[in-house]
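Quick notes on the structure that follows.
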Amino acid sequence: MLKSMRSRMTLRFVLLLIPFLLGSSYMVVMLSSKAVEDEARKSVDALKDRAVARIKNPNGELKPDWKDQLEQLVEGSTAFRQAQAGILVRDRGQNVVYSSAVNKPPAFLWEPREKWPKDVFDKYRASRDRVKQYSITVIEKRKPVDNTLPTTLGVLVSSVVLAVGFGTWFMVGRVLSPIRQLARQAGTASAEHLTAKLEIPSGDSEMVDLVDTLNGLLDRVYQEAELKGRFYAAASHELRTPLQALSGHLELSLSRPRSAEEYEAVVKESYTQTRRLISLTQSLLFLHQIDSRTNATESPVNLSEACESALEMMHSQMMKRHLVLEESMTQNLYIEAIPSHAEVLARNLIENASKYASEGGTIKILLHVVNDNIILEVENDFPENVKIATENIFQPFYRDDTSRNSKTGGNGLGLAICRAIAVANGWEVGITQEAGKIRATVNFGLVEAKRDAKTKKKSAMNLSKPAVV
């Protein structure tokens, strides 16, 4: 039962209320008892004052018949009878010289004070005054305490706790009922029905915000599920193509006896398809590692060194295609990242530029700081009449120009890996096309280490000759 938010909220509210009600009831009882005691004290003081006034002359002396006056007062006064009060008079030697006959004080009062019972003040109430050599004490017996008020308050507290408990249970249930309705709606949104939209069960602003947030979440989950589905379908297709080619070549080679040259051609083709499979499998594995964060050890990475390493790897291809390299890289720019992520990102972007740049065209690489952010720009020449869908180009296995991709040998995962790396590290990556150029831009965020003011520039020496890395 306590697993329910409704029951927990009700229990907590009642548990908070009980001490408050008990404390309030205790204060009421104590204040009421004090008021009763104060009233009783005033009453016995008033009886004492009447007794003193009865036995004194106007000049302050005792009346000769003061004892008779006291006796008449006790016998004839309704107040003394109702209070069951008696009078005791002692001289300076503490000897009892008078004790009223009616409502006679208890016998222990004639004894020395040290012999009185311990609970005397719990049973009796007294008020004392002195007239000349005598001490006059009016004593009344305490009446039994009326327990009606504590009992009434106890019943009232119990009733209030029960009423508040039921009321809280009902109100919390009303407040949480839209959430239950929302939960039932969300139960219909499964993997097969991610397009389901939750309806707002109440007009409360909090509920409207919650439903809008959940609907946005469902939309994102649906989009991710669609992307994953397309990715699996494309991955299956990409894996099936080299496998079918490999199987076909092997089957064809085994269909009849062939010469050594023919077998060599089959082996070379099989090797090519096998390398394609290995490359594709490695790319898929790396993409999975990025998404699952299986390699999350970060360390300082020198971005200029990562770019230089990528340029060295692409040197032969750039020379083969007679590309001209222009680079300007600020040295000693460090970021905290997984080293392989920064290196793979730079290599993929530079490799992409060297593959798709126009024959004999120019590749520009710029690594610099803009508004305290480290920016990497990789730009290459590209036919102006060929348009690319820059909004889809980061999707896995995306083919904007099938023949061109087949010719360059790409597997369609390079830019998808770039985007996955950027998302995993909180970087921003984008591609734009304008005026016969394609530019890939990566924003690595704020500078995290001091950088060298020296800038490496090779623009002038590379404008007129093929790439030298």
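The values are calculated or read from the model by the stated rules, or taken from the named source; none is laboratory data. Because the structure is a prediction, the values reported are computed rather than measured. Glycine also receives a Cβ, built like all others from the backbone with ideal geometry; neighbour counts cover every protein chain displayed.
For (1) at pLDDT 70 or above; (2) surrounded by fewer than 11 Cβ atoms within 10 Å (Cβ to Cβ); (3) within 24 Å of Asn392 (Cβ to Cβ), each residue gets a yes or a no:
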residue	(1), (2), (3)
Ala235	no, no, yes
Ala260	yes, yes, no
Val267	yes, no, no
Ser279	yes, no, yes
Members of the stretch 310-339 that are surrounded by 15 or more Cβ atoms within 10 Å (Cβ to Cβ) and of a type in the set (Gly, Ala, Ser): Ala310, Ser328, Ala337
Can you tell me how many residues within the stretch 297-326 are under 21 Å from Ile338 (Cβ atoms) and in contact with a Lys or Arg (Cβ under 6 Å, 6 or more places away or on another chain)? 1
Evaluate the following for Glu140: is it at pLDDT 80 or above and of a type in the set (Asp, Glu)? yes
Could you check, for the stretch 383-400, whether at least one of its residues is part of a helix (DSSP H, G or I), modelled with pLDDT under 70, among the small types (Gly, Ala, Ser) and in the same structural domain as Leu345 (by TED's automatic domain parsing)? no
Given the conditions (1) of a type outside the set (Lys, Arg); (2) part of a loop (DSSP other than H, G, I, E, B); (3) assigned by TED's automatic domain parsing to the domain that holds Leu243, report the number of the one that Gln282 does not fulfil. (2)
Checking Ser127 against (1) of a type in the set (S, T, N, Q); (2) closer than 30 Å to Lys42 by Cβ; (3) outside the structural domain of Ala51 (by TED's automatic domain parsing); (4) in contact (Cβ under 8 Å) with a residue 60 or more places away in the chain, which test does it fail? (3)
In the stretch 98-116, residue farthest from the chain's Cα centre (by Cα) [restricted to those that are within 18 Å of Gln69 (Cβ to Cβ) and assigned to a loop (DSSP other than H, G, I, E, B)]: Ala101
